[in-house]
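The values are calculated or read from the model by the stated rules, or taken from the named source; none is laboratory data. Just so we're clear, the structure is a prediction, and the values are computed from it rather than from any experiment. In this analysis, Cβ positions are derived from the backbone assuming ideal geometry, glycine residues included, and neighbour counts consider all displayed protein chains.
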Amino acid sequence: MNTRILALGAISLSFLGAGCATKKYISKTVAPIETRVAATETKNVDQDKQIGTHTDQIVELDRDLSRTRERLTDTDQKATAAGNSAKAADQKADGAQKAADGAAQAAAGARTLAENLGRSVNGMNRFKMTKSETVLFRINQWTLQDDAKSRLETFAQAAAGVDRYIVEIQGFTDKTGSAEGNEVLSQRRAQEVARYLVNEDKIPLRNMSMLGSGYAQPVADDKTRDGRKQNRRVEVRLLVPEVATVAQASPR
């Protein structure tokens, strides 16, 4: 009986010893694992924090990218608007240049017209004689002879086709008589010629210029009978503007 008890006690001790050894083994084996797991969990927490930080950075970067895209879009729009404005400015500049060119051409045309007009006015103010006739008178007379009337008819025909003209009528005498009497006589002779041209040939009186010059411009020797005859005269001249003369002479 005692032997059994001792055997059981030995067995029990054996089991108790084996149990203690197992606990120690387990403790030595599990503790490092728990340490590594704890370290791993700590690392995972750090990694989660880093991931969270990276996520925040990525979100902020995405926001920055969005803002950058918005600024780029705004810049593109402004650049497009600036380009359109520049294009419109170029078009306005082209229009202004064309207007300036047109104005320059108009100014040049106006200058040319003014120059031509100036030349025309100058030409119209300068007259050229195109026809002349001389009619003679008897001593101390101012009555027209048939030959004088015929000459005046020929003269009037030369003025028929002219729009603007002047008829100069200048009377003369020989040296016979006084200077005062000769001036009156020469004036009467000029008036008689003008009267005939107005009444018979319809020459406008406004186109006429008359002067009695007496014995101012003799054309022959007054000491001879024939010379005195040539000096008793009226000279009639038809004058037209140089422009009109050129226009009539130019081919059409």
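Can you tell me which residues in segment 152-173 are of a type in the set (D, E, K, R) and crowded, with 19+ Cβ neighbours inside 10 Å? Spell out how you get there, then give the answer.
Taking segment 152-173 first, the residues of a type in the set (D, E, K, R) are 153, 163-164, 168.
Matches in segment 152-173: none.
Take THR176 and tell me if it is at pLDDT below 95 and β-branched (Val, Ile, Thr).
Numbers: at pLDDT below 95: yes; β-branched (Val, Ile, Thr): yes.
Yes.
Within segment 215-246, track down each residue that is over 60 Å from the mean Cα position of the chain (by Cα) and among the polar types (S, T, N, Q).
THR224, GLN230, ASN231
Of the residues in segment 196-217, how many are surrounded by 14 or more Cβ atoms within 10 Å (Cβ to Cβ) and free of Cβ contacts under 8 Å to residues at least 24 places away in the same chain?
Looking only at that region, the number is 1.
Between TYR215, TYR165, which is of a type in the set (Phe, Trp, Tyr) and over 17 Å from SER132 (Cα atoms)? Write out each step before concluding.
Values: TYR165 fails: over 17 Å from SER132 (Cα atoms).
Within the list TYR215, TYR165, the selection yields TYR215.
Of everything in segment 123-151 that's among the basic types (Lys, Arg) and assigned to a helix (DSSP H, G or I), which residue is surrounded by the fewest Cβ atoms within 10 Å (Cβ to Cβ)?
If we take residues in segment 123-151 being among the basic types (Lys, Arg) and assigned to a helix (DSSP H, G or I), then LYS149 is surrounded by the fewest Cβ atoms within 10 Å (Cβ to Cβ).
Checking SER120 against (1) modelled with pLDDT of 70 or more; (2) outside the structural domain of PHE172 (by TED's automatic domain parsing); (3) surrounded by 13 or more Cβ atoms within 10 Å (Cβ to Cβ): exactly one of these is not met. Which one?
Failing condition for SER120: (1).
Given the condition of a type in the set (Gly, Ala, Ser) and within 16 Å of PRO218 (Cα to Cα), answer yes or no: does some residue in segment 146-167 qualify?
no
Per-residue answers, yes or no, for (1) at pLDDT 95 or above; (2) among the hydrophobic types (A, V, I, L, M, F, W, C); (3) in a loop (DSSP other than H, G, I, E, B):
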site	(1), (2), (3)
GLN191	yes, no, no
TYR196	yes, no, no
GLY214	yes, no, yes
VAL219	yes, yes, yes
ASP226	yes, no, no
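Is it the case that some residue within segment 176-189 is under 21 Å from PHE127 (Cα atoms) and either without any contact (Cβ under 8 Å) to a residue 60 or more places away in the chain or outside any helix (DSSP H, G or I) (or both)?
Going through segment 176-189, the residues under 21 Å from PHE127 (Cα atoms) turn out to be none.
The answer is no, given that none of the residues of segment 176-189 is under 21 Å from PHE127 (Cα atoms) and either without any contact (Cβ under 8 Å) to a residue 60 or more places away in the chain or outside any helix (DSSP H, G or I) (or both).
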